[in-house]
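Notes to accompany the following structure.
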Amino acid sequence: MDFQLAEYVHNDSQLFLLEPSGLCYEYKAWAIGKHRQAAKTEIEKLKFEDIPMRQLVNEAARIILMVRDEAKDKNLQIEMGWVGKTTGGKHEVIPKNIIKEAEVWAKAKLEEDDMDD
C-alpha cells in the first residue's frame, strides 16, 4: 500500500508518495486509479507555479473528464480537496459549487479542444 502525504508550511506546499519499500518521492501532483498514466501525462504539461489554485481545480476536472471511460463512468462524481494559504494550511473539501463550475469549464474546454483537432 502506498501513502500520499501533503503539507503546507510557510507558503510552500509539498506532496509526497511513500512506498512500502521505504522509498519516498516528492511531486507537484499525482494521479491514482485506472487511468493514472494518461492523467499523469496531462499533469506534466501544467506549470503549477504559474496557475492560481482555482484554475488548478478547473484543470483537474478537465483531466478527470478527459481520461475517464464515458461508457463505464456514466455516474461520475468529482470530489476534490485542497490545501493552501486560503485554507490556513489545512486540508478542506472543495465546495460542490466550485466543483460544478470546474466541470462546466472543463466540458467547454474539452469541446473547444475537439473542435480545434
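Rule-based calculations on the coordinates, nothing more; no lab input. Note that this is a predicted model, so its numbers are computed, not measured. Here the Cβ positions follow ideal geometry from the backbone for every residue, glycine too, while neighbour counts run over all protein chains shown.
Worth a mention:
- The Rg/Rh ratio of the chain, with both radii computed over alpha carbons and Rh defined as the Kirkwood radius, is 0.97.
- Within the chain, helix-based [θ] at 222 nm, where runs of 4 or more DSSP H residues each add -39,500 (n - 2.57), nearest 500: -12500 deg cm²/dmol
- 0 to 90° range, to nearest 10: angle between helix 53-67 axis and the chain longest Cα axis: 60
- Helix 96-116 vs. the chain, principal-axis angle (Cα, 0 to 90°, nearest 10): 60
- Excluding the site residues themselves, the longest part of the chain lacking any GluC sites (Glu not before Pro) in a DSSP loop with at most 13 other Cβ atoms within 10 Å is 1-43.
- The chain: relative contact order as a whole-number percent, Cα under 8 Å and 6+ apart: 22
- Cα-derived Rg to Rh of the stretch 1-70, Kirkwood definition: 0.99
- 17 Å cut-off, amide nitrogen to a point 7 angstrom out along V9 Cα→Cβ, residues in the stretch 91-114: 91
- The alpha carbon radius of gyration of the stretch 48-108, expressed as a multiple of 2.2 N^0.38 Å, is 1.18.
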